[in-house]
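Novice: Please see the structure below; I have some questions.
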Ligand SMILES: NC(=O)c1ccc[n+]([C@@H]2O[C@H](COP(=O)([O-])OP(=O)(O)OC[C@H]3O[C@@H](n4cnc5c(N)ncnc54)[C@H](O)[C@@H]3O)[C@@H](O)[C@H]2O)c1
């Protein structure tokens, strides 16, 4: 039987791997009903319906589902090249959209999606789950407090070697277009600054199992003149980092290091008057401390989606509103353009 009494009547579009998370998040809430599952491969939609014993109706296309169901919210969990069509179709039909990252596979399309959200007056919020991680939040609070003075350089090292199947192996820029959005967005989150320029060198090592460039080095200049440098590989053969990357932030009075997991340490220059007798002229004395990570009630996808639902209720935009997220996606596509042209580009 259809459940149309719930506040959020949801169509899930794209019933692949990530749809599991989205369906679970909705089914855990009392105010949500999944009314339809859409996938051009109907077997995928039917599988999800059975997996979660849903009453939802299955469709092979979103327009049909929108015409038949009284939905007011769409989850876009399709591959990136289908995001624009999915999101704009849903917004124009009067639904709000929570969508997977990245907003789109081109910057021009992502900009049109923001315009469409504004023109229709419907909300479009983007999943940026890797913003909601205790280490990242603790590091951000640490930097906001200016305990080490002014930030000069933010360095992120991302080294992993996942053996994906599917769309990522065929993309031109799998690392930058599909993954680096998280790290770039984290740099904006940490510093509170948008990027103003980028130089990127993208390449595919001889041992890479991807068709497109699996490695990249990017240099971003941020609004306040600080520099964010990114070194990434999606075909690392060892010494891997966390999925959150490994971070080093160099400040005027010290350096803070986050390993992307539980370890957050800093070294701070001891002021001259407080130094021990061992420090000779011309040397600096450092004190090293560990920072305890802040607890977070919810993390990852759950935290991001919870903020999205709260935003629909309060009207207060979430952090990952499309108008904010466009600044992260711009970093992605300007980096790719820089790699293609060999030029430093303004954002
Ligand atoms: N936030 C994260 O941490 C995270 C992690 C993995 C994937 N993702 C994102 O989630 C999205 C989906 O990734 P996935 O791993 O589930 O991919 P997937 O390939 O497993 O599934 C995609 C599904 O979408 C279906 N599909 C294709 N075109 C469609 C269309 N026009 N309309 C409806 N359905 C369509 C496919 O048939 C498939 O079932 C991507 O944008 C990806 O970047 C995010």
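FYI, it's all coordinate maths here, none of it is from the lab. The structure presented is a predicted model; accordingly, all values stated were derived computationally and were not measured. Methodologically, a virtual Cβ is constructed for each residue, glycine included, from the backbone with ideal geometry; neighbour enumeration extends over all protein chains shown.
Novice: Rounded to the nearest Å, what's the spacing between the alpha carbon centres of the range 214-263 and the range 1-79? Just the number, please.
Specialist: Result: 37 Å between the Cα centres.
Novice: Could you tell me which of rounded, prolate or oblate describes the chain, using a ≥ b ≥ c as the square roots of the eigenvalues of the alpha-carbon gyration tensor, with rounded for a/c under 1.5 and, failing that, prolate when a/b is larger than b/c and oblate otherwise?
Specialist: Prolate shape, in that a/c is at least 1.5 and a/b is the bigger ratio.
Novice: Spin-label point model (7 Å from Cα, Cβ direction): what's the residue 106 to residue 274 distance in nm?
Specialist: For residue 106 paired with residue 274, the spin-label model returns 5.6 nm.
Novice: With the Cα gyration tensor of the range 111-164 giving a ≥ b ≥ c as the square roots of its eigenvalues, does the rule (a/c under 1.5 for rounded; else a/b larger than b/c for prolate; else oblate) give rounded, prolate or oblate?
Specialist: Oblate is the answer for the range 111-164, as a/c is 1.5 or above yet b/c matches or exceeds a/b.
Novice: Still on this structure: Could you sort 212-220, 245-253 so that the peptide with the highest average Cβ count within 10 Å comes first and the rest follow in order? Provide the component values of the computation, followed by the final result.
Specialist: On the way: 212-220: 22.2, 245-253: 19.3.
Highest mean packing first, the order is 212-220, 245-253.
Novice: Could you check which residue among 156, 311, 187 shows the biggest mean-square fluctuation in a GNM of the chain with a 10 Å Cα cutoff?
Specialist: The residue with the greatest mean-square fluctuation here is 311.
Novice: By its C-alpha gyration tensor, with a ≥ b ≥ c as the square roots of the eigenvalues, how is the range 74-215 shaped: rounded for a/c under 1.5, else prolate for a/b larger than b/c, else oblate?
Specialist: Verdict is oblate for the range 74-215.
Novice: If you don't mind, there's one more thing I want to ask. Relative to the longest principal Cα axis of the chain, at what angle does helix 300-314 sit, 0 to 90 degrees, rounded to 10?
Specialist: That works out to roughly 70 degrees.
Novice: Can I ask one more? Test of understanding: what is the full-extension gain from residue 207 to residue 20, defined as 0.36 nm times their sequence separation minus their Cα-Cα distance?
Specialist: Here the answer is 64.1 nm.
Novice: In percent, how large is the relative contact order of the chain, given Cα pairs closer than 8 Å and 6 or more residues apart?
Specialist: Numbers: 714 pairs, mean separation 60.9, N = 347.
Taking the mean separation of contacting Cα pairs over the length of the chain, I get 18 percent.
Novice: With a Förster radius of 35 Å, plug the Cβ-Cβ distance of residue 27 and residue 290 into 1/(1 + (r/R0)^6) and report the FRET value to the nearest 0.05.
Specialist: So the FRET efficiency works out to roughly 0.35.
Novice: What ranking, highest mean first, results for peptides 222-228, 56-62 when packing means the other Cβ atoms within 10 Å averaged over each residue?
Specialist: Those peptides, ordered most packed to least, come out 56-62, 222-228.
Novice: Would you mind ranking 207, 234, 243 so that the residue whose beta carbon has the fewest other beta carbons within 10 Å leads the list?
Specialist: With the sparsest Cβ surroundings first, the list reads 207, 243, 234.
Novice: Looking at the chain only, what percent of DSSP beta bridges run antiparallel? Nearest 5 please.
Specialist: 60 percent
Novice: In percent, what relative contact order does the range 17-61 have, based on Cα pairs under 8 Å that are 6 or more apart in sequence?
Specialist: 36 percent
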